[in-house]
1. Take the residues in the stretch 77-87 that are assigned to a loop (DSSP other than H, G, I, E, B) and in contact with a Phe, Trp or Tyr (Cβ under 7 Å, 6 or more places away or on another chain), then tell me which one is modelled with the lowest pLDDT.
2. Within the stretch 98-115, is there a residue that is of a type in the set (D, E, K, R), farther than 20 Å from Gly36 by Cα, under 22 Å from the mean Cα position of the chain (by Cα) and surrounded by 13 or more Cβ atoms within 10 Å (Cβ to Cβ)?
3. Can you report the number of residues in the stretch 2-56 which are polar (S, T, N, Q), modelled with pLDDT of 70 or more and within 23 Å of Glu168 (Cβ to Cβ)?
4. What single numbered condition from (1) modelled with pLDDT of 85 or more; (2) closer than 24 Å to Ala35 by Cα; (3) surrounded by fewer than 16 Cβ atoms within 10 Å (Cβ to Cβ) fails to hold for Asp65?
5. Pick out, from the stretch 88-201, the helices (runs of 4 or more DSSP H) lying fully within it that include 1 or more residues that are small (Gly, Ala, Ser) and modelled with pLDDT under 60.
Amino acid sequence: MDTPGFDAYQQEHAFDSIVNGIRAVKSAHPDARIAGILYITGVNQPRFEDLDHQLFWFVHAFCGDAFIKRGLIFVTTFWTATGDGQKRAFMSKLEQLQIKWNEGDAVAMPEFYNHGCGYDADGKLDGSFIDWFSESGRDQIARHAREMVARYYGDSDTEPATLRIVQELDAGTPIILKGQIEIVQRAPLVTIDGNQTRLLF
């Protein structure tokens, strides 16, 4: 299920759209389970200002610790570096994203997947950047993506964790998370190290 992005000033709209989508799936297929979430963001975009602080909080509140550890994958895209300097810059941005998440929640660390980087047979980064603009490169990127989905969400003896929002929907209390979103939207803006963020208590 594709969902709207978690954009600035659109958090409540995104929340309502996602919840309505989940309700529609559960209504049509009561036994369906959400095996995982792929959160997609461009590695070539600055993403650590006000929205990103809210995003980390939102993802945590939406998923819950158990689901984050077993079902959430941060997918970074646009690995189209053209030189060694840009490649180093992109890898630095990835490290920043991982550090920021670890600072926000060291307990529930999601998996990261770089859509456009090379992977070995064990699913480990091999240090290469794949050519997005060649047919063979796009085929390789697609193959890596299929392997990633099978690796994380394929057949398993482990029962998938349940999203926190699904637990709230089943209990009839999704207003808990929605109310928290409204609190974040009303929080005052402050500037820290030159970046604006919302002051949450």
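The values are calculated or read from the model by the stated rules, or taken from the named source; none is laboratory data. It should be emphasised that the depicted structure is a prediction, and the values quoted were computed from it without experimental measurement. When we count neighbours, we look across all protein chains shown, and the Cβ atoms used for this are built from the backbone with ideal geometry, even at glycine.
1. Ala81
2. The answer is yes; a qualifying residue exists.
3. Residues that pass the stated criteria total 4.
4. Going through the list (1) modelled with pLDDT of 85 or more; (2) closer than 24 Å to Ala35 by Cα; (3) surrounded by fewer than 16 Cβ atoms within 10 Å (Cβ to Cβ), Asp65 breaks only (1).
5. 175-186
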